[in-house]
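Report on one structure; see the data block that follows.
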Amino acid sequence: MVIIGMLHHRLDPKTVIKSFAYAAVASAEGAQFFYFSPKNVNFADRTIKGQVYEAGQWKEKVMPFPDVIYNAGSPEKLAVSKEIIEKLKMEIPFTTHSIGNKWNVSERLKEAKEFANYLIPSEIMNNVEAFHKYIATHNKVVFKPIDGRKGQEIYFVSKIGNTYEVRKDTEISRNSKPQLDKLLNEQLSTGTLIMQPYIQSKMKTGQVYDFRLHVQKNGEGKWIVTTIYPRIAPDRSIIPNINNGGFTQYLDPFLELEFKEEAYNIRRMLEHFSLSVAHHLDELQMVQFGEVIDEIGIDVGLDEHQKIWMYEVNWRPGCPPAFYLELDVVVHAIRYAIYLAENQELIKNEILERKNKYLSARPIIAITGSAGKTTTKAFLGSILSEKWNVFESKDYWNTTEHTKLHAEEINASHEAVVLEYGMAYPGVITNHCSIIQPNISIVTNIGLAHVGNFDGDIQKVALAKSELIHGMDQKGVLVINKDDENSKFLSMKQFNGELLTVGIHSAANYRAYNIRYKDDGMSFKMKLQGKEIELFIPILGEHHVYNALNAIAVADHLGFTPIEIKAGLNFKKPPRRLTLYHCRDQITVIDDTVHSHPQGVRAAIDVLSNIGKKRKIAIIGQMRELGDLREEEYRKVGEYVYEQNIHILITYGFRTEEIGAAARARGMNGSNIYHFTDKEELDALLEKIVRRNDTILVKGASKTNMFDIVQFLDETFRA
């Protein structure tokens with residue numbers, strides 16, 4: 001038996017009239033029902049002290065946690081128990097969730113172009129001056145609280161010459177500008193106000209009316225129209241809300257009287273419109289918050305051309321003012337609560353499906369590769385942010401667990417998504433793509449990072465990186481590095497989309513040339529949109545030009561202008577990526593202490609070689625996960641140190657003395673080669689040998705804590 005808990009801010013169910021109807025219908029539907037308020041929840045033993053309706057009266061009873069919660073309380077009153085309610089939501093499905101205030105709902109509906117034409121233009125009233133500018137344009141204006149309910153505190157203002165007619169409920173007054181300003185300031189002091197042009201529907205008698213469209217989900221989880229009914233304002237009033245004296249009629253007689261032969265078509269139009277709005281808002285709730293909604297009330301009017309205008313949408317509309325309709329509402333609510341309790345996995349899968357479908361309609365960009373992922377992501381996020389709201393994964397958040405978190409955080413406000421997909425083993429990138437499938441992918445390069453996990457076989461690394469190509473939209477866009485020799489091992493047989501290439505030394509769709517080292521960055525030229533353009537990136541190293549080219553290729557494909565691309569390349573550099581510390585006595589420290597693999601070490605040595613003006617000191621840490629290739633790759637790095645004329649080589653960590661041995665064997669002076677496994681001893685040497693005009697590279701992975709050496713140098717030789 002499904003247990004339904006009705007959550008309300010009031011302690012006594014007898015003060016909540018509808019609680020009896022819900023208890024009675026739940027019993028008839030074979031569910032157990034109880035009423036409770038937040039203060040009676042006990043998380044320690046997962047019980048709630050609630051009220052059960054038995055033998056014609058409410059009785060206090062300790063109940064287990066329910067299978068589903070019908071959320072019936074006032075959001076303002078429940079706010080004091082927010083922590084309890086949020087905790088309950090983590091464990092128990094809620095039938096209904098807030099879709100926001102009038103302004104939020106209006107903004108959401110604007111996102112779907114099919115509904116934008118039905119919305120009355122709205123603006124937030126920030127001050128009195130804003131109101132006067134608005135009424136000068138529209139002449140007749142409505143203003144009301146952003147969180148208003150039941151038609152309360154709605155003012156209608158008409159400009160008549162130098163005076164203003166103000167209507168509230170049935171009261172009409174003529175105001176001078178100072179009198180109106182006083183009223184506006186009084187209302188502004190009570191909270192946020194919105195203002196709209198005054199659009200009204202009138203009957204043949206001249207009375208103002210609107211329609212309430214009440215839609216719910218039924219016992220199969222499907223949206224249905226519970227009722228549509230006209231609400232008619234009393235004489236002299238222009239507010240048809242029932243709480244302000246308005247009254248209702250049955251829909252069909254009303255339509256036949258007012259619209260004659262068009263009555264049937266108008267009814268069908270209202271029914272279709274109400275279901276379309278419900279489906280749209282439900283989908284947005286799933287995409288943005290991972291929640292579902294079950295009931296909304298939509299207030300609309302028809303102008304003289306029978307065009308629908310949407311006044312507002314309420315997420316807890318209350319029961320229609322007739323007993324049999326109230327019972328219909330309760331029956332649907334209880335049946336849906338039972339459906340929700342019994343179909344949680346189905347609903348969770350639907351939410352994930354909707355999210356993926358919604359995301360696929362915008363650029364979802366995933367970046368993988370042995371090096372350059374984070375910097376490429378930072379470049380691209382910066383460029384796209386020139387004109388879009390971009391979701392960009394945090395600094396080095398690139399595991400599948402991070403991707404799951406990102407899937408929850410991405411919402412409808414994000415116009416593009418830029419993610420980094422890391423991997424150390426086969427199958428990991430496939431998992432990334434199953435969580436969020438990209439439609440644009442970048443493979444920066446294929447190198448030796450994690451090669452030890454692939455039997456030392458670079459082709460197996462390439463195959464694992466190819467999982468991004470296999471897992472993305474097969475008609476999307478793929479960017480690869482034409483200069484990277486190992487990228488030829490990528491598997492692209494099934495890919496039917498657009499391939500874009502980047503390069504420096506090879507012909508490519510996006511090729512950089514005239515590359516120059518500048519102070520704190522690199523300049524280069526390229527052809528972009530048919531014209532030669534010179535660009536600058538505020539990060540050192542030719543390898544980062546490739547990262548910039550990856551971002552440029554995607555941004556150009558998405559229609560960004562050269563000016564926007566140029567501005568976006570002036571990005572916020574990821575921390576500890578060839579960051580320069582300018583110390584006293586013209587000593588420069590290069591911090592590159594996030595990742596370390598042979599390709600990245602050689603790139604960092606290139607930077608040291610190019611910017612070092614006098615002595616060049618390289619401090620190189622351990623490179624992990626090279627497996628059987630460690631000895632060979634350490635030898636190559638040692639030889640490269642010698643070839644680039646590095647003056648002093650210091651190695652740190654397990655087996656890194658092999659790098660120094662290779663440099664010595666190649667011809668480097670042994671007295672300039674040092675090896676340490678103790679950081680304090682290394683620091684003592686640096687304090688002794690570093691002198692004026694030295695340039696010092698510290699290169700190592702985060703796991704080896706090489707940043708400690710950077711901090712020591714900065715503190716010791718701080719200007």
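The values are calculated or read from the model by the stated rules, or taken from the named source; none is laboratory data. All figures in this text were calculated on a predicted structure; none of them were measured in a lab. Backbone-built Cβ (ideal geometry, glycine too); neighbour counts: all protein chains shown.
For this structure, a couple of remarks:
- Within segment 299-320, considering residues that are under 18 Å from residue 229 (Cβ atoms) and among the charged types (D, E, K, R), the one surrounded by the most Cβ atoms within 10 Å (Cβ to Cβ): 312
- Looking across segment 342-390, the residues that are modelled with pLDDT under 95 and of a type in the set (Phe, Trp, Tyr) come down to 358, 388.
A quick yes/no check of all residues on (1) surrounded by 17 or more Cβ atoms within 10 Å (Cβ to Cβ); (2) part of a helix (DSSP H, G or I); (3) assigned by TED's automatic domain parsing to the domain that holds residue 337:
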| residue | (1), (2), (3) |
| --- | --- |
| 157 | yes, no, no |
| 164 | yes, no, no |
| 180 | yes, yes, no |
| 183 | yes, yes, no |
| 191 | no, no, no |
| 194 | yes, no, no |
| 205 | no, no, no |
| 215 | yes, no, yes |
| 229 | yes, no, yes |
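- Search result, residues across segment 135-155 that are at pLDDT 85 or above and either under 33 Å from the mean Cα position of the chain (by Cα) or charged (D, E, K, R) (or both): 140, 143, 144, 145
- Residue among 446, 429, 442 that alone is in a strand (DSSP E or B), of a type in the set (A, V, I, L, M, F, W, C) and modelled with pLDDT of 90 or more: 442
- No other residue among 659, 605, 563 is free of Cβ contacts under 8 Å to residues at least 12 places away in the same chain, assigned to a helix (DSSP H, G or I) and either surrounded by fewer than 18 Cβ atoms within 10 Å (Cβ to Cβ) or not assigned by TED's automatic domain parsing to the domain that holds residue 518 (or both) apart from 563.
- Qualifying residue in segment 58-67 (condition: over 35 Å from the mean Cα position of the chain (by Cα), among the aliphatic types (A, V, I, L, M) and not assigned by TED's automatic domain parsing to the domain that holds residue 146): yes
Matching residues to (1) of a type in the set (Asp, Glu); (2) touching a residue at least 24 places away in the same chain (Cβ under 8 Å):
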position	(1), (2)
147	yes, yes
162	no, no
171	yes, no
180	no, no
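- Close contacts from segment 415-437, counting a first residue that is buried (at least 24 other Cβ atoms within 10 Å of the Cβ) and a second that is among the charged types (D, E, K, R), with Cβ to Cβ under 6 Å and a gap of 6+ residues or different chains, come to 418/377; 418/392; 420/373; 420/377; 429/467.
- Among the residues examined, residue 671 does not qualify as surrounded by 17 or more Cβ atoms within 10 Å (Cβ to Cβ), of a type in the set (S, T, N, Q), over 30 Å from residue 415 (Cβ atoms) and not assigned by TED's automatic domain parsing to the domain that holds residue 522.
- In segment 369-403, the residues that are closer than 24 Å to residue 701 by Cα, surrounded by fewer than 19 Cβ atoms within 10 Å (Cβ to Cβ) and among the acidic types (Asp, Glu): 395, 401
Results for (1) at pLDDT below 95; (2) part of a loop (DSSP other than H, G, I, E, B); (3) farther than 26 Å from residue 421 by Cα; (4) not assigned by TED's automatic domain parsing to the domain that holds residue 561, shown as yes or no for each residue.
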site	(1), (2), (3), (4)
502	no, no, no, no
511	no, no, no, no
523	no, no, yes, no
536	no, no, yes, no
540	yes, yes, no, no
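- Residue 531 surrounded by fewer than 20 Cβ atoms within 10 Å (Cβ to Cβ), without any contact (Cβ under 8 Å) to a residue 24 or more places away in the chain and not β-branched (Val, Ile, Thr): no
- Failed criterion for residue 574 (all others in (1) surrounded by fewer than 22 Cβ atoms within 10 Å (Cβ to Cβ); (2) more than 33 Å from the chain's Cα centre (by Cα); (3) closer than 30 Å to residue 456 by Cβ hold): (2)
- A Cβ distance below 6 Å, combined with a sequence gap of six or more or placement on separate chains, defines the contacts here; from segment 462-486, residues that are among the hydroxyl-bearing types (Ser, Thr, Tyr) reach residues that are outside any strand (DSSP E or B) and buried (at least 18 other Cβ atoms within 10 Å of the Cβ) in the pairs 466/490.
- Some residue of segment 263-284 being out of contact with any Phe, Trp or Tyr (no Cβ under 6 Å at 6 or more places or on another chain) and not in a helix (DSSP H, G or I): no
- Each residue in segment 516-555 was checked for being within 25 Å of residue 597 (Cβ to Cβ) and not aliphatic (A, V, I, L, M), and 12 pass.
- Those residues of segment 337-357 which are among the aliphatic types (A, V, I, L, M) and more than 20 Å from residue 5 (Cβ to Cβ), in sequence order: 346, 351, 352
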